[in-house]
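The values are calculated or read from the model by the stated rules, or taken from the named source; none is laboratory data. Every value quoted in this text rests on a predicted model; they were computed, and no experiment measured them. Ligands, DNA and RNA are excluded from the accessible area calculation, which covers all protein heavy atoms including side chains. Shrake-Rupley method; radii C 1.70, N 1.55, O 1.52, S 1.80 Å.
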Amino acid sequence: STANAPEDDAPNRYSRTERTTYSRYSRDANSSGSSLPSNTLEKRIEELERELSKERQENARLMKIAQDKEELIGKLKEEIDLLNR
């Protein structure tokens, strides 16, 4: 039981560290009026969201092309099998 304790504690330590890091960054961003104003950050977020949307659309388009090509390959394999008979 004591041998398992360090292993069980490792994910908990990581989670705490992650939460602490996130909290620290959140406080830094909110408290200081630091390097970038809030409206600049909001514009950057909007820009990144638009870019993400475009990339998702492109990904969907490429996935559709790949699926269509896979279907074509399957049909051509069936046709080859028929011709070989």
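Things worth noting here:
- For K64, a cut-off of 27 angstrom between C-alpha atoms picks up these lysines, skipping any fewer than 8 places away in its own chain: K54, K75, K77.
- Gain upon complete extension [I80, E49; 0.36 nm per residue less C-alpha separation]: 6.6 nm
- 1.4 Å probe accessible area per residue over the range 37-84, in Å²: 97
- Residue-by-residue Karplus 3J(HN,Hα) for the range 61-68, coefficients 6.51, -1.76, 1.60, Hz, glycine and proline x: 4, 5, 5, 5, 4, 4, 4, 4
- Gain upon complete extension [E71, S38; 0.36 nm per residue less C-alpha separation]: 7.0 nm
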